[in-house]
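Each remark here refers to the structure printed beneath this line.
The values are calculated or read from the model by the stated rules, or taken from the named source; none is laboratory data. What you see is a predicted model, and the numbers here were worked out from it, not measured in a lab. A quick note on method: Cβ atoms are made from the backbone with ideal geometry, for glycine too, and the neighbour counts reach across all protein chains shown.
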Amino acid sequence: MKLPEKQITIISGHYGTGKTEFAVNLAFAMARDGRKTALADLDIVNPYFRSYERTRELEREGIAVFVTSNFGKADIPALPPDIMSIFVNRQQQSIIDLGGDPVGARVLGYYQPQLDRIDFDYWFVINQNRVENRTIEGVVRYLRLTEAASKQRITGIVNNTHLGDETTAEVILRGDEFAAKVAEIINLPIICTVGERCFEGVVRYLRLTEAASKQRITGIVNNTHLGDETTAEVILRGDEFAAKVAEIINLPIICTVGERCFEEELKSRLNGSFFAIDRYMTKPWELGDHEGGQFAWQQEA
């Protein structure tokens, strides 16, 4: 996903769509990208499942946290004055996590004069598995009511369709298709599809490699194969996997590597370019009796 470029990104949606989880994770991603980041929790409706619950973790990453209702300690719709700083500080990018439903979005109307003077995005999160989000008509109705209550136009759709611990790739893909239909009807872009970091093994090793080398990795190379049993389908599956990893960590796919005999078959089917190989490194288990079980450099020694 391409991280936000505007000064403020507002996150809204129905209760239970996962908008707060998205807002918190987006703040972490922006801070780790080296940006000065703030997160404003403007939920004055629901005292549970709020961004401020992660305040310590957020602040450890250098993220400024602003919270309503006396920092969540009082169940009253109080808006602290220091929240105004997110509209003034142009050196900082801020995320606003609104309360659910049109009722929660109403607080945004209070800041209309400030929003009229800056550049911002307003994203609507949907989860098709929530009762209120199961039909396109229902989503569109809630979206329009949210716009009316907040006095602002929504600028993009975020698909966060999931089933908690029972979420599968198919569940997310169905939600993505549903979100695409919603976006087409109301003529808005799909900003992203949200999901657990199922590819965290690759990402974890990449981050460990960066830490050990003290350098940032700048691109991904897909070299998925099965040795002599490699097929075009094997390479294509690896290319698709690499593309998802690259999207998660916001890096380009440099190329997909494969034997030259696959070049024509894979033409125009890859996410990146194709790099054909003609030379192969001999593996220890490939050494036969002819080599005496040794590499040439070992025999010379």
Inset, instruction - Tell me, yes or no, whether the range 124-136 has at least one residue that is touching a residue at least 24 places away in the same chain (Cβ under 8 Å), out of contact with any Ser or Thr (no Cβ under 9 Å at 6 or more places or on another chain) and surrounded by fewer than 16 Cβ atoms within 10 Å (Cβ to Cβ). - result: no
Inset, instruction - Of all residues in the range 156-171, count the ones that are touching a residue at least 40 places away in the same chain (Cβ under 8 Å) and either closer than 13 Å to PHE124 by Cβ or not in a helix (DSSP H, G or I) (or both). - result: 3
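Residues of the range 149-183 being β-branched (Val, Ile, Thr) and within 29 Å of LEU115 (Cβ to Cβ), which ones?
Across the range 149-183, the qualifying residues are ILE154, THR155, ILE157, VAL158, THR161, VAL182.
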Inset, instruction - Answer yes if at least one residue in the range 252-259 is part of a helix (DSSP H, G or I) and at pLDDT 90 or above, and no otherwise. - result: no
Legend entry - Residues within the range 198-245 that are out of contact with any helix residue (DSSP H, G or I) (no Cβ under 6 Å at 6 or more places or on another chain) and in a strand (DSSP E or B), tallied: 1
Inset, instruction - Output yes when any residue across the range 15-35 is closer than 18 Å to ASN250 by Cβ, assigned to a strand (DSSP E or B), at pLDDT 85 or above and in contact with a strand residue (DSSP E or B) (Cβ under 6 Å, 6 or more places away or on another chain), and no when none is. - result: no
Inset, instruction - Could you grab me the full set of residues in the range 178-197 that are modelled with pLDDT under 90 and either buried (at least 16 other Cβ atoms within 10 Å of the Cβ) or not in a loop (DSSP other than H, G, I, E, B) (or both)? - result: THR193, VAL194, GLY195
Inset, instruction - Check the range 263-285 and report whether any residue there is acidic (Asp, Glu) and at pLDDT below 85. - result: yes
Inset, instruction - Answer yes or no as to whether GLU57 is among the acidic types (Asp, Glu), in a helix (DSSP H, G or I), under 30 Å from ALA243 (Cβ atoms) and modelled with pLDDT under 90. - result: yes
